[in-house]
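Enquirer: Quick one: the structure is below, questions incoming.
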Amino acid sequence: MTQDDTRPNPDELLAKVTAEAKQSRRGRLKIFIGYAAGVGKTYTMLDFARQRKNERDVVVAYVETHGRQETEALLEDLEIVPRKKVEYRGVILEELDLDAVLARHPDLAIVDEYAHTNAPGSRHAKRYQDVEELLDAGIDVYTTLNIQHVESLRNVVAQVTDVWMRETIPDSAIDQATDIELVDLPPDELIKRLKDGKVYIPDQIAQATSQFFRKGNLTALREMAMRLAAQRVDEQMRVYMEEKSIRGPWPTGERLLVWISPDAASTNLVRNARRLAVQMGAEWFVIRVETPASVHLSAEQIESLNNALQLAEKLGARIVNLQGQTVAEAIGEYSRKHNISKIVIGRAPRLGWKEWFRGPAINQIIRKNRDLDIFIIRSKPEPHQKARKTASRLSRNLRNTLLALLLVGLATGVSELLRNLLAPTNLVMLYLLSTIVAALYLGLGPSILVSILGVLIFDFLFVPPYLSFAVADFGFFLSLLSLLVVGIIISYLTSQFRRQTETAWQRERQTAALYSLGKDLAVANSLESYLDSILKRTRDTFTGEAVIFLPGSPGKIDLQPYLSNPNLKITENDLAAANWAFQHQKIIGRGTDTLPNSRARYLPLITARGVIGVFALLEPDGTSELTIEQERLMEAYADLSAVAIEGILLSQETRKIELLKASEKLQNALLGSISHDLRTPLVSIIGALSSLQDAKVKLDEKSVDILVRVARVEAERLNHLITNLLDESRLEAGTLKINRQPAEVQDLIGTALEQLGQRTTSHQIKIKLTAELPFVPVDFALIVQALVNILDNALKYSPSGSLIEIEGRSAEKGIELEIADRGVGIPSSDLEHVFEKFYRVHRPEKVTGTGLGLTIARGIIEAHEGRIIAENRPGGGTIIRISLPLAEPPLPHQKI
Amino acid sequence: MDEKRKSILIVDDEEAIRQFLSVALTSQNYLTAEATAGQEAIIIAKSNLPDLIILDLLLPDLDGVEVTRQLRQFTQIPIIILSVRDSEKDKIAALDAGADDYLTKPFGSGELLARVRVAWRHKSPSLSEPVFINGDISVDFAKRIVRLSDQEVQLTPTEYDILRILVNHAGGVITHRQLLQEVWGEQYGDELHMLHVNISNLRRKIEPDPARPHYIITEPGVGYRLKIE
């Protein structure tokens, strides 16, 4: 995006069109904003609603009248959806019944108190999320809001009123409003109403009511409310002008980069930056830079960084993590690559010794980015928001302190023992040693304690004059001083070192986890192995059970769970939550605002094609909230899984399509070949008959004879071919009915030879059957046909006059038949293939036939649970071996 | 004295087949009549009283087995059915319902005429001809002596009975069931094993090469036929 182009940006226009299209389906939100409680937001809202009642289907979803009669009067002719009663800690609370309203599906729903926090157990943590669901369902909503509940204004409100609002809503919840209606009342009048007792005081400001309702405060708040409304108008005007392609003062593609530094003031910086971005209409990026110096960060600093980043994301910024040698370099490079127009940095007013790092950073940034505007925003640090130390931490600290004391005692004891052997300057090393040990295992505090205590005790016991803190020799004094300084430095460095190692180790573990998952997925080749890998790795990395939900049938939303641990039970709640995440494509569950009490976190697996499943991580009880890094890692897992699963689903589809194509190709080839084989005999038949018919063709008796014979032979051949094709297709369709009756082997062979008729005269046929061959339970006609096919082959592929031997003998559990000819045999590579459809071994002389004879024979034999193989006869020729079992497979019922 | 020309009723819905049959049959000096459906066939049979009926099993209105049954209610004239391959059940049903023989489509005129001749022939019971001679086999019904190439053959009573029944149907097919019932009795219709064993023994005694029967031919899935020269 260039900076001097004032034409409307096509991307923006497209976004607008899409947004408009979306809006026509989505519900419209109208927010009634006031600057304080009591200005009359609810009243105005209800008034509006009543006016619309005749044109639209209006329903009151939740309205808090606080007992005010005038408000209650307005409710009289409006339909009210009963509230849901939720029990929490023995108290019955009333909340908005979201499902009832969704079921009722009015045109317009009235929902009071946009920023309200729902009672635990509700589907969403906050009411604005309930409203969002209503809007998604296409229901319009009216709602009310006090200006101080707006997230990005929180610090300003705090500055003005000294009250830090706990219940806020993200700015995105306001941005999506179609209309903002400002409900205004001059502060004087509001104060008067307060005196008259007509104003409901929310609990939070109850103690500071008089302070809150000072005129100065109210005026400031009123101004904020007005400014917000004005901003909206501004925005709408900008959009309007863009639509009409009017040149004007709209933002020309500004991009803001906000640098977050490990400073408690960062959340304020984020909020301020957002206001700036909105004013400029700029896209804003919040970046964090990791430099080699970053390893010195304390846990609190990291936490405040995370908080700031989470907030920035909530407020609509793009988060970027950069790495570089210095902050200035990283920022400079990024700014150039991404056409950043302005940089925002924060500067805390207090200048501690840490400003050693801060100051030069700002200067460097300024120096390296001379062509960009740099905003330095000063912000007051937030009120204390550190996590409360848990009991376990306290006890751990106590324990470490005691151990530290123990260490000192130990060092003293050993020194005492060695007192006479070593000089004091050598003994002092023991104390140094204990300092290091303390630093490595007990933490910064205890090790400094050890250091100081060690010096004192050493002085007291081992430095003359003994048993006093005085120091006789200046040299000793110097030693003691150095000991102290060295001890403290070592403590600091060692604890830093330990922290670094821990962080690096943790990071390495996470990276390794992601890497190994990637590796697993690279070698996995089926859906099951993919899912297995993902679930297994997740368990290793996150110490919780994972479940992947995939749609049972494509396109439908019946999710089926895939578990790594078969003992895990998936409850209805889990399924419902997974379905919700799937449909709304949002991360929900533990640690989020929606269904925060679920036992798992549900991440929808989203790919370019859409959502393909849900990844759920069940966390073991009692874990604290995830750090932003762990959340990112989990999302990275989910993304990787999504891509992998989609990949395998796509490849499955591809394979199916390929198989279809291949079988289609084969079918076409077969059809072509069959059609040729069927037509060829007809050529001769029609040719011969038409010649006979043609009066112009003069034929002598001999020619007539030939033609007739040709036609006859070809017709028989055609019959044979058709028979074979039908048999083969019946075999393949599985519609072959086998009617088993006890049959005599001799009879089978005899009948087969009978059917071959005259053809058997061309060869010598010898039959050798052992005496008393048992009767075999077979379908007589089918086995005869199989034998006919095999004998037909033998006749065709061996020279006239040669011998064909048919042998039959008893075998274990059945009978065996052998048909051997003295023909040219079958190449050993083809022995398996001769039973394949249309397979014909290449011969020098042309042999007629369909190539189906042996295929059909095999089909018949195998349908009888028998086996048939082809072998080469030593001495030349082919042997076909058949075995048929005696035992019939059990039938449903048998006539005895 | 001129033998009265035999008349044959052809029942088939395919015109081409009717034409072929008609040509083949008239070439042997038979008279032919045609019907295209079952009901028509029954009416013509009742009024014209043909000497033989060639009946296709697949007819548009009634199926051939049903037509056979109805015909058999008023006439004993020979019925030859035309069937397609692999419809064993229908063939057997028609034969059991009273048809005398069958032809599997496609068939040649030689086969057709042979069957026709046999069909008339086997109507002559063994009672009228005291001795039956076929090739090397001769059966003296009065004395119950069977000879193969003038050598007497010892048959068990059952084997003799089987041979006698086969001779009664000589040239034509007899289903397993029919054979069993005529030799052993009504309730033995399904004792195929028993039948096969007996046939096997019989063959061993009267066939020059039992492995390649010359006289007693197996009709796969249907029954047996005594081939006559």
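Enquirer: Would you mind telling me which numbered condition in (1) touching an Asp or Glu at 6+ places or on another chain (Cβ under 8 Å); (2) in contact (Cβ under 8 Å) with a residue 24 or more places away in the chain; (3) within 14 Å of chain A (Cβ to nearest Cβ) B:Gly172 fails?
Expert: (3)
Enquirer: Determine which member of the set A:Leu782, A:Leu795 is more than 13 Å from every other protein chain (Cβ to nearest Cβ) and within 30 Å of B:Val222 (Cβ to Cβ). Break it down stepwise before answering.
Expert: Working: A:Leu782 fails: more than 13 Å from every other protein chain (Cβ to nearest Cβ).
The conditions single out A:Leu795.
Enquirer: Test of understanding: among A:Thr751, A:Thr760, A:Thr680, which residue is away from chain B (no Cβ under 11 Å) and either over 60 Å from the mean Cα position of the chain (by Cα) or outside any helix (DSSP H, G or I) (or both)? Walk me through how you get there before you give the answer.
Expert: Values: A:Thr751 fails: away from chain B (no Cβ under 11 Å); A:Thr760 fails: away from chain B (no Cβ under 11 Å).
Unique residue meeting the criteria: A:Thr680.
Enquirer: All but one of (1) within 11 Å of another protein chain (Cβ to nearest Cβ); (2) surrounded by 13 or more Cβ atoms within 10 Å (Cβ to Cβ) hold for A:Lys766; which doesn't?
Expert: (2) is the only condition that A:Lys766 fails.
Enquirer: While we're on this one: Suppose the filter is within 25 Å of A:Leu756 (Cα to Cα), touching a Lys or Arg at 6+ places or on another chain (Cβ under 7 Å) and not hydrophobic (A, V, I, L, M, F, W, C); does B:Tyr160 pass it? Spell out how you get there, then give the answer.
Expert: Values: within 25 Å of A:Leu756 (Cα to Cα): no; touching a Lys or Arg at 6+ places or on another chain (Cβ under 7 Å): yes; not hydrophobic (A, V, I, L, M, F, W, C): yes.
So B:Tyr160 fails the test.
Enquirer: In the list A:Ile706, A:Ile722, A:Ile738, which residue meets the criterion of being within 60 Å of the chain's Cα centre (by Cα) and either among the charged types (D, E, K, R) or assigned to a helix (DSSP H, G or I) (or both)?
Expert: Working: A:Ile706 fails: within 60 Å of the chain's Cα centre (by Cα); A:Ile738 fails: either among the charged types (D, E, K, R) or assigned to a helix (DSSP H, G or I) (or both).
From the options A:Ile706, A:Ile722, A:Ile738, the qualifying one is A:Ile722.
Enquirer: With respect to the numbered conditions (1) without any contact (Cβ under 8 Å) to a residue 12 or more places away in the chain; (2) within 25 Å of A:His676 (Cβ to Cβ); (3) within 12 Å of another protein chain (Cβ to nearest Cβ), which one is the sole condition not fulfilled by A:Arg709?
Expert: Here A:Arg709 clears every test but (3).
Per-residue answers, yes or no, for (1) within 10 Å of chain B (Cβ to nearest Cβ); (2) crowded, with 19+ Cβ neighbours inside 10 Å; (3) of a type in the set (Lys, Arg):
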{"site": "A:Glu716", "(1), (2), (3)": "yes, no, no"}
{"site": "A:Leu725", "(1), (2), (3)": "no, no, no"}
{"site": "A:Thr735", "(1), (2), (3)": "no, no, no"}
{"site": "A:Val776", "(1), (2), (3)": "no, yes, no"}
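Enquirer: Looking only at segment B:67-110, filter to residues that are basic (Lys, Arg), surrounded by fewer than 21 Cβ atoms within 10 Å (Cβ to Cβ) and within 14 Å of chain A (Cβ to nearest Cβ); which one of those is nearest to B:Ile53 (Cα to Cα)?
Expert: Start the filter on segment B:67-110 by keeping residues that are basic (Lys, Arg), which leaves B:69, B:72, B:85, B:89, B:91, B:105.
Adding the requirement that they be surrounded by fewer than 21 Cβ atoms within 10 Å (Cβ to Cβ) leaves B:69, B:72, B:85, B:89, B:105.
Those left that are additionally within 14 Å of chain A (Cβ to nearest Cβ): B:85, B:89, B:105.
On the way: B:Arg85: 20, B:Lys89: 21, B:Lys105: 16 Å.
The extreme case among them is B:Lys105.
Enquirer: Right, here's the next one. Among the residues of segment B:25-44, how many are within 20 Å of the chain's Cα centre (by Cα) and part of a helix (DSSP H, G or I)?
Expert: Within segment B:25-44, residues that are within 20 Å of the chain's Cα centre (by Cα) and part of a helix (DSSP H, G or I) number 1.
Enquirer: I'm trying to understand the selection: among the residues of segment A:146-176, which are more than 24 Å from A:Val199 (Cβ to Cβ) and either acidic (Asp, Glu) or surrounded by fewer than 20 Cβ atoms within 10 Å (Cβ to Cβ) (or both)?
Expert: So in segment A:146-176, the residues more than 24 Å from A:Val199 (Cβ to Cβ) come out as A:151-152, A:155, A:170-173, A:175-176.
Once the filter is applied, which keeps residues that are more than 24 Å from A:Val199 (Cβ to Cβ) and either acidic (Asp, Glu) or surrounded by fewer than 20 Cβ atoms within 10 Å (Cβ to Cβ) (or both), segment A:146-176 yields A:Glu151, A:Pro170, A:Asp171, A:Ser172, A:Asp175, A:Gln176.
Enquirer: Going through segment B:200-227 one residue at a time, which ones are buried (at least 20 other Cβ atoms within 10 Å of the Cβ), more than 23 Å from B:Lys91 (Cα to Cα) and more than 10 Å from chain A (Cβ to nearest Cβ)?
Expert: If the condition is that a residue be buried (at least 20 other Cβ atoms within 10 Å of the Cβ), more than 23 Å from B:Lys91 (Cα to Cα) and more than 10 Å from chain A (Cβ to nearest Cβ), then B:Leu202, B:Ile206 are the ones that fit.
Enquirer: Here's a follow-up. Go through segment A:798-819 and count every residue that is surrounded by 19 or more Cβ atoms within 10 Å (Cβ to Cβ), more than 24 Å from A:Glu836 (Cβ to Cβ) and within 14 Å of chain B (Cβ to nearest Cβ).
Expert: Total satisfying the criteria: 2.
Enquirer: Looking at segment A:425-470 only, could you name the residues that are outside any helix (DSSP H, G or I) and either under 13 Å from A:Leu405 (Cβ atoms) or among the charged types (D, E, K, R) (or both)? Working first, answer last.
Expert: Initially, segment A:425-470 is screened for residues outside any helix (DSSP H, G or I), giving A:442-443, A:463-470.
Of everything in segment A:425-470, just one residue is outside any helix (DSSP H, G or I) and either under 13 Å from A:Leu405 (Cβ atoms) or among the charged types (D, E, K, R) (or both), namely A:Leu442.
Quick note: the coordinates plus some simple rules give every number you see, no bench work behind them. Predicted model only: the values in this text are computed from it and were never measured. Because the Cβ atoms are built from the backbone with ideal geometry, glycine has one as well, and the counts that use them run over all protein chains shown.
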